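Worksheet: the structure to be examined is printed underneath.
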Amino acid sequence: MKIGIIGTGAIGGTIAQKMVAAGHTVKINNSNDTERLKARAEELGAIPATSKEVVKDVDVIILSLPTIAIPSLPKNLFVDVPSNVIVVDTSNYYPFRDADIEEIKNGKVESVWVSEQLGRPLIKAFNNLLAETLKHQGKEKGTKNRIAMAVSGDDVEAKQVISSLINDTGFDAVDSGSLAESWRHQPGTPAYCTELTAEELKRALADGVKENAAAIRDAAIVALSALPSYPSNEEIVEFNRRLFPKNPKSV
Ligand SMILES: NC(=O)c1ccc[n+]([C@@H]2O[C@H](COP(=O)([O-])OP(=O)(O)OC[C@H]3O[C@@H](n4cnc5c(N)ncnc54)[C@H](OP(=O)(O)O)[C@@H]3O)[C@@H](O)[C@H]2O)c1
């Protein structure tokens, strides 16, 4: 497939690398100047592109940006992009990083807000595993205890296409329902960065409580920031699992 990725940091860069390794053609764009973008593209095996070029003649566009950067994308970004091109959002809203976005703080589902900013339907995916998990924990399809990733959106066929790309990155995909239901894999839920198998993830998605998620997310950030040293990927996953007594892997 032909894939355009905007934002090639920890998550977008890893997705780019894995898509290239799976045989897809990947163009990338970020906020860098041309030389740094070129260097990043070389590192990832991708093609550097302007924001206009990165969305042109592709099957899928992946946005992997801090939520606060979404409104600063070019206003006409999707004007010439056909409606059958799938747009994916990997973002998670963190007030300490993304400042106050009142609508999200008042309960609007994060990717619904992103979709409204862009004026475009979205699939939410690649948001509920840590970048290190995405980078190092992928396994062949059918492997025992393969970790699963949630995918949400209103277009069933588009979700199938993205599920196939998720499989290419070494993870099972679990359909979490409509975009309005994508809060089930936002921060502060049992499905968020807990490295579950597909069956466990289905239960975790059902276990989430929307009204509690923001408070759990913010308390988790305070607790993790208070640790004497930056926690490892494994420590963050264990921490997240312990937040939820009903989580299938809680200890
Ligand atoms: N890190 C994780 O473990 C993880 C896991 C799941 C989901 N997420 C979510 O995925 C999103 C990206 O996270 P990340 O950790 O990959 O962030 P990151 O490492 O900070 O990378 C962000 C990328 O976005 C680019 N960018 C920022 N503003 C831009 C703009 N206006 N136009 C174009 N590109 C822009 C940056 O460009 P430059 O390279 O030029 O700075 C950078 O490449 C966030 O919403 C995050 O919450 C993160």
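Any idea which residue in the stretch 209-231 is nearest to residue 191 (Cα to Cα), counting only those that are in a loop (DSSP other than H, G, I, E, B) and open to solvent by 60 Å² or more (accessible area, probe 1.4 Å)? Spell out the reasoning first.
Step one: filter the stretch 209-231 for residues in a loop (DSSP other than H, G, I, E, B), giving 209, 226-231.
Right, trim to open to solvent by 60 Å² or more (accessible area, probe 1.4 Å) and you get 209, 226-230.
Numbers: 209: 11, 226: 23, 227: 23, 228: 26, 229: 25, 230: 22 Å.
This residue is 209.
Residue 104 passes all but one of (1) open to solvent by 40 Å² or more (accessible area, probe 1.4 Å); (2) on the phi < 0 side of the Ramachandran plot; which number fails?
Here residue 104 meets the rest and fails (1).
Scan 184, 241, 203 and give me the residue that is in a helix (DSSP H, G or I) and surrounded by fewer than 17 Cβ atoms within 10 Å (Cβ to Cβ).
Numbers: 184 fails: surrounded by fewer than 17 Cβ atoms within 10 Å (Cβ to Cβ); 241 fails: surrounded by fewer than 17 Cβ atoms within 10 Å (Cβ to Cβ).
One residue alone meets the criteria, 203.
Could you list all residues from the stretch 69-95 that are of a type outside the set (Gly, Ala, Ser), open to solvent by 80 Å² or more (accessible area, probe 1.4 Å) and at pLDDT 95 or above? Steps first, please.
At the first step, the residues of the stretch 69-95 found to be of a type outside the set (Gly, Ala, Ser) are 70-71, 73-82, 84-90, 92-95.
Filter once more, keeping what is open to solvent by 80 Å² or more (accessible area, probe 1.4 Å): 75-76, 79-80, 84.
Within the stretch 69-95, 79, 80, 84 meet the criteria.
Among 21, 69, which is more than 9 Å from the ligand (Cβ to nearest atom), among the small types (Gly, Ala, Ser) and touching a residue at least 24 places away in the same chain (Cβ under 8 Å)? Even if it seems obvious, please write down each step before you answer.
Details: 69 fails: more than 9 Å from the ligand (Cβ to nearest atom).
The unique qualifying residue is 21.
Just a yes or no: is a residue in the stretch 167-183 under 16 Å from residue 104 (Cβ atoms) and more than 19 Å from the chain's Cα centre (by Cα)?
Among the residues of the stretch 167-183, not one is under 16 Å from residue 104 (Cβ atoms) and more than 19 Å from the chain's Cα centre (by Cα), which makes the answer no.
With the requirement that a residue be over 12 Å from the mean Cα position of the chain (by Cα) and either closer than 10 Å to residue 60 by Cβ or open to solvent by 10 Å² or more (accessible area, probe 1.4 Å) (or both), what does the stretch 10-25 give you?
Result: 17, 18, 19, 20, 21, 22, 23, 24, 25.
Would you check if there is a residue in the stretch 97-104 being within 30 Å of residue 222 (Cβ to Cβ), assigned to a loop (DSSP other than H, G, I, E, B) and at pLDDT 95 or above? Show your work before the answer.
Taking the stretch 97-104 and keeping what is within 30 Å of residue 222 (Cβ to Cβ), we get 97-104.
Subset that is assigned to a loop (DSSP other than H, G, I, E, B): 99-101.
Applying the additional criterion that residues be at pLDDT 95 or above yields 101.
So far as the stretch 97-104 goes, yes, one or more of its residues are within 30 Å of residue 222 (Cβ to Cβ), assigned to a loop (DSSP other than H, G, I, E, B) and at pLDDT 95 or above.
Taking the stretch 138-180, which residues are crowded, with 17+ Cβ neighbours inside 10 Å, farther than 20 Å from residue 207 by Cα and in contact with a Leu (Cβ under 8 Å, 6 or more places away or on another chain)?
Of everything in the stretch 138-180, those that are crowded, with 17+ Cβ neighbours inside 10 Å, farther than 20 Å from residue 207 by Cα and in contact with a Leu (Cβ under 8 Å, 6 or more places away or on another chain) turn out to be 169, 171.
Of everything in the stretch 33-50, what is outside any strand (DSSP E or B), open to solvent by 40 Å² or more (accessible area, probe 1.4 Å) and either away from the ligand (no atom under 12 Å from the Cβ) or more than 18 Å from residue 134 (Cα to Cα) (or both)? Give them in sequence order. Step through it out loud before you land on a result.
Residues of the stretch 33-50 outside any strand (DSSP E or B): 33-46, 49-50.
When the remaining residues are screened for being open to solvent by 40 Å² or more (accessible area, probe 1.4 Å), the result is 33-36, 38-40, 42-43, 45, 50.
Within the stretch 33-50, 33, 34, 35, 36, 38, 39, 40, 42, 45, 50 qualify.
So residue 133 ticks every box in (1) open to solvent by 40 Å² or more (accessible area, probe 1.4 Å); (2) assigned to a helix (DSSP H, G or I) but one. Which box is left unticked?
Among (1) open to solvent by 40 Å² or more (accessible area, probe 1.4 Å); (2) assigned to a helix (DSSP H, G or I), the lone unmet condition for residue 133 is (1).
Can you work out which of the residues in the stretch 111-129 that are open to solvent by 40 Å² or more (accessible area, probe 1.4 Å) and on the phi < 0 side of the Ramachandran plot is farthest from the ligand (Cβ to nearest atom)?
Pass one, the stretch 111-129, residues open to solvent by 40 Å² or more (accessible area, probe 1.4 Å): 116-117, 119, 121.
Applying the additional criterion that residues be on the phi < 0 side of the Ramachandran plot yields 116-117, 121.
Details: 116: 16, 117: 12, 121: 19 Å.
Ranking the qualifying residues of the stretch 111-129, first place goes to 121.
The values are calculated or read from the model by the stated rules, or taken from the named source; none is laboratory data. What you see is a predicted model; the values in this text were computed from it and never measured. Cβ coordinates were reconstructed from backbone atoms using ideal geometry, including for glycine residues, and neighbour counts include every protein chain displayed. These area figures cover heavy atoms from the full protein model, side chains too; ligands, DNA and RNA do not enter into them. Shrake-Rupley method; radii C 1.70, N 1.55, O 1.52, S 1.80 Å.
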